[in-house]
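Below: one structure, written as structure tokens.
The values are calculated or read from the model by the stated rules, or taken from the named source; none is laboratory data. Everything numeric in this text was worked out from a predicted model, so none of it was measured. Because the Cβ atoms are built from the backbone with ideal geometry, glycine has one as well, and the counts that use them run over all protein chains shown. For accessibility, only protein heavy atoms count, side chains too; no ligands or nucleic acids. Shrake-Rupley method; radii C 1.70, N 1.55, O 1.52, S 1.80 Å.
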Amino acid sequence: MQEKIETIRARIAAAAAASGRAAEQITLVAVSKTVGTEEVRVAASLGIHDFGENRPQELKYKGEILPQLNWHMIGRLQTNKVKDVVGRAVLIHSLDRWNLAEEMNRRAQNSEVHQDVLLQVNIAGEEQKTGIEPGDVEAFLDAMGQLESLHIRGLMTIAPLVTDPEEARPIFRELYHIQEKVRARGFAHVNLQYLSMGMSQDFQVAIEEGANLVRIGSAIFH
Ligand SMILES: *Cc1c(COP(=O)(O)O)cnc(C)c1O
């Protein structure tokens with residue numbers, strides 16, 4: 001695993017340099033959804049502090065065993081599972097619909113916490129992928145001002161699986177442009193700090209297009 005992580009770090013540094021940034025500005029989230037806590041411990045011993053899970057029960061379980069690590073929720077979230085994630089996840093990447101936002105806000109309010117979230121945007125427009133339509137992002141973020149226990153920290157997208165990562169570049173570029181447009185609006189309650197995009201197949205291209213949070217699973221653990 002050490003060699004894999006070193007290779008990924010070198011590739012992150014190269015892509016960051018290509019976009020005029022330092023490697024330290026990019027956060028690596030190791031997606032541990034397919035492995036157990038022993039592998040997570042090994043990755044943690046190699047300097048990774050952020051881990052991503054796509055199932056609430058798994059995030060809760062691993063988070064209780066390894067509470068010193070940062071746990072990110074990256075998968076689609078059902079409203080009845082929100083209670084397992086709010087207040088546990090350092091960041092929820094997968095806010096993709098209004099009723100989920102309302103439920104997260106209600107749970108956060110009840111627990112007297114503020115929950116950091118990313119808005120998931122469906123750039124690729126694929127049926128099976130969830131997320132807010134690009135044209136609806138600004139109105140959605142505007143309305144989020146009512147939900148005072150949620151803090152919008154950025155945007156997330158999942159690119160389609162393609163054979164050549166270059167094919168994903170326009171997707172990443174579009175999310176970057178949406179980020180810039182929203183920033184120009186200057187919503188007081190929105191602080192777009194994170195751009196979560198890029199996985200094992202395409203993280204270098206994503207970083208070149210502005211990602212500062214990459215979610216990498218198989219390239220680390222398999
Ligand atoms: C599984 C998953 C990843 C990691 O995918 P790899 O191809 O294994 O790097 C990233 N993001 C999301 C939302 C995932 O579900």
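Here are the numbers for this structure:
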quantity	calculated
Pairwise Cα inverse-distance average, inverted: Kirkwood Rh of the chain (Å)	17.5 Å
Relative contact order, percent, segment 148-207 [alpha-carbon distance under 8 Å, six or more residues apart]	49 percent
Stokes-Einstein D (µm²/s) once Rh is taken as the Kirkwood radius of segment 134-222 over alpha-carbon pairs, at 10 °C in 1.306 mPa s	114 µm²/s
Heavy-atom accessible area per residue - the chain, 1.4 Å, Å²	47 Å²
Reach of K83 by Cα under 27 Å, taken over lysines that are not fewer than 8 positions away in the same chain	K33, K60, K62, K129
Sequence of S149, S45 from largest to smallest accessible area, 1.4 Å probe	S45, S149
For segment 91-178, diffusion coefficient by Stokes-Einstein and Kirkwood Rh (Cα), 4 °C, 1.567 mPa s, µm²/s	95 µm²/s
Segment 95-132 and segment 180-222: distance between their alpha carbon centers, rounded to Å	16 Å
Other-chain or far-sequence residues with amide H under 5 Å of N191's (modelled H)	I152
FRET efficiency, 1/(1 + (r/R0)^6) with R0 30 Å, evaluated for K33 and A143 via beta carbons	0.45
Rounded to the nearest 20 debye, dipole of the chain from Cβ charges on Lys, Arg, Asp, Glu	440 debye
Dipole axis of the chain (+1 Lys, Arg; -1 Asp, Glu on Cβ), positive-most option in W71, P160, V31	W71
Protection-proxy order for peptides 130-142, 177-189, 154-166, 50-62, each taking the mean of Cβ atoms within 10 Å per residue, highest first	50-62, 154-166, 130-142, 177-189
Value of relative contact order over segment 59-143, rounded to a whole percent, pairs C-alpha under 8 Å and six or more apart	24 percent
Cα-derived Rg over Rh, computed across segment 1-114 with Rh taken as Kirkwood radius	1.03
MRE, 222 nm, helices only [DSSP H, n ≥ 4, -39500 (n - 2.57), over the chain, to nearest 500]	-11500 deg cm²/dmol
